[in-house]
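What follows is one structure encoded as structure tokens, with my remarks underneath.
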Amino acid sequence: MAEETLSFQAEVAKLLDIVVHSLYSDREIFLRELISNASDSCDRLRYAAQTRGDLIDGDADFRIRLIPDKDAGTLTIVDNGFGMNKEELIANLGTIAKSGTDEFLKALGDSARKESAQIGQFGVGFYSAFMVSDKVDVLTAKAGEPGGWLWSSDGRGAFTVVEADNAVRGASITLHLKEDAKDFTDVQTLKGIVKRYSDHIAIPVLLKDGEAEETVNSASALWTRSKSEITPEQYTEFYHHASHAFDEPWATLHYKAEGAIEYTGLLFIPSSKPFDLFNPERRSHLKLYVKRVFITDKVEELLPGWLRFLRGVVDTPDLPLNVSRELLQHNPLLAKIKTGLVKKVLGELKKKSDDPDSKYVEFWENFGPVFKEGLYEERDRHDEILPLCRFRTTHGDGWYSLDEIVARMKPDQEAIYTITGDDLDKIKRSPQLEGFVAKGIEVMLLTDAIDDFWLNSVEDYQSKKFRSVTEAGSDLSKLAGEESPEAQAEKAPEGDMSTLIAALKLALGDQVQDVRSSNRLTESAVCLVAGEGQMSLHLEKMLRLHGQMMGEQQKVLEINPGHALIKSLAAAVAAKGSEAGIEDSALLLLDQARILEGEMPKDPKAFAKRLGEAMTKGLAS
Ligand code: ADP
């Protein structure tokens with residue numbers, strides 16, 4: 001069959017361009033990537049062979065072979081794993097499926113060549129072979145399928161695929177080393193690299209030295225060794241392999257559960273956000289093993305979505321080796337492991353959150369928004385999850401626990417006050433906050449999409465209810481606080497406002513639910529608040545944005561009796577009654593309140609006209 005030439009997908013071509021030209025100093029990691037792929041491929045075949053023994057007929061001992069050839073200037077990495085057929089070759093080694101790749105490449109931009117260390121962080125997998133090679137050949141045959149294929153490329157935009165009759169099951173990857181990379185044919189060099197990066201690989205890695213061959217890794221699953229035998233570096237390397245990540249783990253949990261159900265967990269909390277953290281599938285990435293045989297990394301029942309940032313492996317002897325993916329669904333055993341994992345992780349987080357040296361905030365800034373989904377999903381765990389949460393508040397610039405917030409509450413304060421929005425700076429300037437800030441009452445500033453949802457499902461904390469400051473009833477006058485006497489004195493007595501309020505109500509009709517004098521405003525003239533029992537303004541906005549709500553809730557317009565504008569309006573209405581003609585002013589006030597909420601005026605054209613007229617009048621007088 002004739003050779004076919006195909007182009008790399010644009011993203012791959014871009015990535016390759018960066019890889020080939022990068023001055024990445026740790027380019028030896030290419031070997032870790034290729035050994036990692038080889039080991040994954042063996043793992044997959046071992047699992048498939050549980051139900052289809054014929055797939056490994058004649059060659060049941062999995063191994064990875066490194067064959068350096070000094071004379072030819074090549075290094076070949078051979079595995080007897082699953083291999084690939086033609087379609088898979090083209091898809092796997094011609095495109096890139098990793099989510100976030102495009103964003104990553106864009107973010108790298110032109111600085112990529114200088115800051116190639118970031119490439120190491122992203123993990124370029126197979127394509128890292130081009131850091132050290134002028135040309136790469138992949139000779140492969142897929143288990144259980146006839147025929148074989150040779151894939152070749154110089155990494156410059158295109159690759160070729162041709163049928164090959166000398167391929168055996170698995171993949172054999174030959175690197176034609178660059179002039180300055182010939183070191184990678186040196187046996188000692190290779191040994192060192194394998195020890196450093198791939199010692200934990202559970203499949204033997206054999207290194208050919210002339211006629212001799214020796215195993216250069218420990219070849220036992222890392223999680224089966226005892227903790228005392230494992231160095232921090234080995235844990236980190238294993239984390240890199242198991243999670244395709246390249247940061248340091250923020251936390252490592254290695255333990256054996258014994259009792260009703262037996263399993264070993266080696267879990268990691270990353271120190272940076274994985275690329276797919278906010279993918280809608282909310283997929284878990286834990287790898288499930290049964291007696292050291294890899295089963296799957298796509299089992300939803302193993303970990304709740306709100307802990308999806310965890311990486312690592314779970315190995316249990318209590319499931320049958322040939323367990324099918326279907327059998328894993330709604331499996332009571334997995335449910336028990338899941339409960340155990342959640343307990344373990346929450347316990348570890350509790351320990352870390354109590355330890356001032358643990359950099360807990362680092363964890364929180366990475367994963368807080370995901371973790372809080374647990375408040376919405378797990379009604380029975382509020383007591384465990386809430387104390388582990390950290391929040392921004394009006395108290396200062398730090399992250400605070402609810403315990404700290406509750407400890408700072410005023411003696412007569414019954415509720416924990418909250419405000420939600422999308423932007424911290426914006427909500428800090430909300431008019432609804434003014435009175436609370438003036439009285440020194442702390443308000444939680446919540447800016448994650450999940451916040452409105454968990455607030456709706458969590459009743460209280462230490463019997464203190466959560467209450468939005470945008471709800472009408474949050475009655476500041478009941479709270480003593482320490483408002484300055486000047487601010488108090490400036491406020492016109494409530495009585496003087498009643499005529500103005502009546503006039504505003506008349507003018508605005510059913511555009512508002514109510515108009516009332518406010519004690520939450522100190523600077524702004526007006527603000528909108530939700531009526532008692534209504535959803536918060538931010539939640540309403542989000543629901544509308546996502547098409548889950550039509551129309552708008554009628555809101556309450558609050559006016560600031562201490563504001564000069566309101567005072568003059570009140571005086572005008574008191575003097576002239578209905579002759580004062582405040583309809584335009586009423587509508588302008590309502591639009592102003594909408595703008596403060598980040599909303600458009602109801603009728604922008606009419607708003608501009610009214611504002612224009614008011615300014616003209618102002619200039620004329
Ligand atoms: P990743 O391993 O992160 O998916 P890679 O670029 O390293 O990304 O590899 C892409 C895909 O190519 C792998 O997911 C796998 O399907 C396939 N692949 C790579 N190396 C091998 C191999 N030695 N044997 C079989 N398939 C392989």
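The values are calculated or read from the model by the stated rules, or taken from the named source; none is laboratory data. Every value quoted in this text rests on a predicted model; they were computed, and no experiment measured them. Here Cβ is always computed from backbone atoms with ideal geometry, including for glycine, and neighbour counts include all displayed protein chains.
For (1) within 15 Å of Ser128 (Cβ to Cβ); (2) assigned by TED's automatic domain parsing to the domain that holds Leu190; (3) modelled with pLDDT of 90 or more, each residue gets a yes or a no:
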site	(1), (2), (3)
Val12	yes, yes, no
Leu15	yes, yes, no
Val20	yes, yes, no
Ser25	yes, yes, no
Ile29	yes, yes, no
Ser41	no, yes, yes
Gln50	no, yes, no
Gly53	no, yes, yes
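When the residues of segment 193-230 are filtered to those that are touching an Asp or Glu at 6+ places or on another chain (Cβ under 7 Å) and without any contact (Cβ under 8 Å) to a residue 24 or more places away in the chain, the one that is nearest to Asn37 (Cα to Cα) is Asn217. Can you pull out every residue in segment 8-57 that is away from the ligand (no atom under 15 Å from the Cβ) and touching a strand residue (DSSP E or B) at 6+ places or on another chain (Cβ under 9 Å)? Matches in segment 8-57: Gln50 only.
Looking at Ser172, Ser226, Ser128, Ser220, which is the one that is touching a strand residue (DSSP E or B) at 6+ places or on another chain (Cβ under 9 Å) and polar (S, T, N, Q)?
Working: Ser226 fails: touching a strand residue (DSSP E or B) at 6+ places or on another chain (Cβ under 9 Å); Ser128 fails: touching a strand residue (DSSP E or B) at 6+ places or on another chain (Cβ under 9 Å); Ser220 fails: touching a strand residue (DSSP E or B) at 6+ places or on another chain (Cβ under 9 Å).
Testing whether each residue is touching a strand residue (DSSP E or B) at 6+ places or on another chain (Cβ under 9 Å) and polar (S, T, N, Q) leaves just Ser172.
Counting only residues that are surrounded by fewer than 17 Cβ atoms within 10 Å (Cβ to Cβ) and assigned to a helix (DSSP H, G or I), segment 575-598 holds 8 of them. Residues in segment 543-567 that are at pLDDT 90 or above and farther than 17 Å from Ala502 by Cβ: 7 in all. Scanning segment 559-574 for residues that are in a loop (DSSP other than H, G, I, E, B) and touching a residue at least 60 places away in the same chain (Cβ under 8 Å) returns Pro561, Gly562.
Examine segment 444-456 for a residue that is farther than 29 Å from Ser284 by Cα and in contact (Cβ under 8 Å) with a residue 12 or more places away in the chain, and state whether such a residue exists. Checked against the condition, which is being farther than 29 Å from Ser284 by Cα and in contact (Cβ under 8 Å) with a residue 12 or more places away in the chain, segment 444-456 yields at least one hit. Confirm whether Gly265 is assigned to a strand (DSSP E or B) and not assigned by TED's automatic domain parsing to the domain that holds Leu66. In short, yes. Cβ separations smaller than 8 Å between residues 6+ apart or across chains give the following pairs from segment 238-256 residues that are within 12 Å of the ligand (Cβ to nearest atom) to residues that are aromatic (Phe, Trp, Tyr) and part of a loop (DSSP other than H, G, I, E, B): His240/Phe246.
Can you find, within segment 68-89, the residue that is farthest from the ligand (Cβ to nearest atom) among those that are farther than 22 Å from Asp57 by Cβ and within 34 Å of the chain's Cα centre (by Cα)?
Here the answer is Glu87.
All of (1) part of a helix (DSSP H, G or I); (2) under 26 Å from Ile450 (Cα atoms) hold for Met549 with one exception: (1).
Filtered by the rule that a residue be closer than 19 Å to Leu66 by Cα, buried (at least 21 other Cβ atoms within 10 Å of the Cβ) and more than 12 Å from the ligand (Cβ to nearest atom), segment 129-173 gives Met131, Val132, Ser133.
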